[in-house]
Amino acid sequence: MTFLGWEGVGLCSYLLIGFWHHDDENNSAAKKAFLVNRVGDLGFLLGLFLLWQIVGASTPLTYEALAAWFRDPAHAALLSSGSVAALLTASTLLLFLGCTGKSAQIPLLTWLPDAMAGPTPVSALIHAATMVTSGVFLLARMSDVFAHAPATLHVIAWIGALTAAWAAITGFFQNDIKKILAYSTVSQLGYMFLAAGTGAFDAGLFHVFTHAFFKAVLFLGAGSVIHALSGEQDVRRMGGLWKKLPITFAAMFAGWYAIVGLPFGAGFWSKDLVLEKVLVHGGPALYAIALVTAVITAVYMTRLMILVFWSKSRMSHDVERHVHESPLTMQLPLWILGLGSLSVGFAWAEIPGLFRIEWFGEHLKAAVGVAQASLPACGCEPNALMLEAVGVGAAVLGIAIAFFLHRGGRFHESSRDPLSGLARGWTLLFDGIHKALVLWPVALVSWILDAMVQPVLTGLVRVFGWTVEFAGSGVRLAQRSRLRANLGLSVLGMVVLLILLSKVIP
């Protein structure tokens, strides 16, 4: 049923990205999303087949049955054998490949930024809060399976960390407001996979929960800005909008406050929890990458706020004359999500010595608690208050860097920016890999088939046709309209049949 929904939501994504189907860019983005996700979905299906091979046909592929099978001590010896362990590693890696497709992780991440060609509400719902987090959900729901594949978890952790860092750096160089948020989504998804890869499935799901609020309000806020500016999406042609769009600004400010990790925002609690779990279970290297990524996140998100709201206007006179606040139907979701961005983090929050709320974590224990308890930890117990201070320090540092780079709304034109070439290459890196490994080989095979094999096949078909035509001509000549000839041929045929029958029947 999960795989059925997996395919169904991929179809919905394809149809919604291509909503404005008269635009070739939208059609190309929709096809790209569909095809890239099919690669991941094939991995999901093959992973299921291998998993079924391990547990046997008598075990249904339900989450409860799989959890019971892998928790059963009677199967410990079987899972530790070399062949089964290798099969399980292959199965979990293939399942993770499916997750990278849906959740836009390395190497199947190129479709999500292009998916921003679709309507902004689609970006806010499907491509920020629901569909793209399904990969994290699958890992957590199958935590008992992945807990027995430590090599796969190691791969997941590093893929998540590298994706988070790569997307954060790429987002810094974007000028399209929706593209900035798209790369931000990829980066935050990397955080979630990093948490899951280090065995902190509950922390990863908590970040899924908080991210749904602040990223949805940022996307819908971006849609409100685009609506107010008559379709303009380039942040370099905005500025000074906090006075003209106060409600949109307030909502996006709440989302920005949460995502950068400032105190008591939703992202503050979930991001710091992820960082703490990564340090305890993943080690200092992964923690360092995650912390630097947090700094870069604060830089590019503050850059967005500066260029859109906190700088002088760079809009054309015609656009500025028609700037207007969004209607109530667009404002109401912004109010709800903005409030959630500041408050939902308290579902799992702790200030040592002051208060402790663990409702969200307790709720997840039945699903992921056994798997997490079975995974090793480094044995260290870092000071939670100190880690929270470090997280806030990373956010403040990123904000300060952004204000230093873009004070007064300063930015570099693409043609003059010395980093523009690096940015374009960085952005197109994985598109180039896909072209080199998939598109160009397929194009070469297609050319060979078209230029060499096709003529041979066409020639064979023509030879066969000529042979049939020649045989038909001979038969036609034998069919003459003379009675004596027809009777003679009939008698000859009968004689031949009698001779053959005399050979067969003794």
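The listed residues are E325, E350, E381, and the only one of them that is out of contact with any Cys (no Cβ under 7 Å at 6 or more places or on another chain), closer than 26 Å to G282 by Cα, surrounded by 11 or more Cβ atoms within 10 Å (Cβ to Cβ) and not hydrophobic (A, V, I, L, M, F, W, C) turns out to be E350.
Listed here are the residues, each with its yes/no results for (1) part of a helix (DSSP H, G or I); (2) basic (K, R); (3) more than 16 Å from S134 (Cβ to Cβ).
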{"site": "H22", "(1), (2), (3)": "no, no, yes"}
{"site": "I54", "(1), (2), (3)": "yes, no, yes"}
{"site": "L61", "(1), (2), (3)": "no, no, yes"}
{"site": "A68", "(1), (2), (3)": "yes, no, yes"}
{"site": "L97", "(1), (2), (3)": "yes, no, no"}
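When the test is whether a residue is touching a Phe, Trp or Tyr at 6+ places or on another chain (Cβ under 7 Å) and at pLDDT below 90, L275 does not pass it. Sort out which residues of segment 233-282 are hydroxyl-bearing (S, T, Y) and farther than 16 Å from M192 by Cα, and write them in order of number. Residues satisfying the conditions are T248, Y257. Only one of the listed residues (I169, I156, I180) is out of contact with any Pro (no Cβ under 7 Å at 6 or more places or on another chain) and under 30 Å from L328 (Cβ atoms). That residue is I180.
Quick grid of which residues meet (1) over 21 Å from A400 (Cβ atoms); (2) within 23 Å of the chain's Cα centre (by Cα):
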{"site": "M238", "(1), (2)": "yes, no"}
{"site": "G255", "(1), (2)": "no, yes"}
{"site": "A266", "(1), (2)": "yes, yes"}
{"site": "L275", "(1), (2)": "no, yes"}
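Looking across segment 283-318, the residues that are more than 26 Å from the chain's Cα centre (by Cα), surrounded by fewer than 17 Cβ atoms within 10 Å (Cβ to Cβ) and in a helix (DSSP H, G or I) come down to P284, H317, D318. Q233 meets each of the listed conditions (1) over 24 Å from L189 (Cα atoms); (2) at pLDDT below 90; (3) not aliphatic (A, V, I, L, M) apart from (1). Being more than 17 Å from the chain's Cα centre (by Cα) and under 22 Å from H363 (Cα atoms) is true for just one of A222, A203, A228. Which residue is that? Matching residue, one of A222, A203, A228: A203.
Evaluated against (1) modelled with pLDDT of 90 or more; (2) under 22 Å from W269 (Cα atoms); (3) polar (S, T, N, Q), T133 falls short on exactly one condition, (1).
The values are calculated or read from the model by the stated rules, or taken from the named source; none is laboratory data. Everything numeric in this text was worked out from a predicted model, so none of it was measured. Cβ: placed from backbone, ideal geometry, glycine included. Neighbour counts: every protein chain shown.
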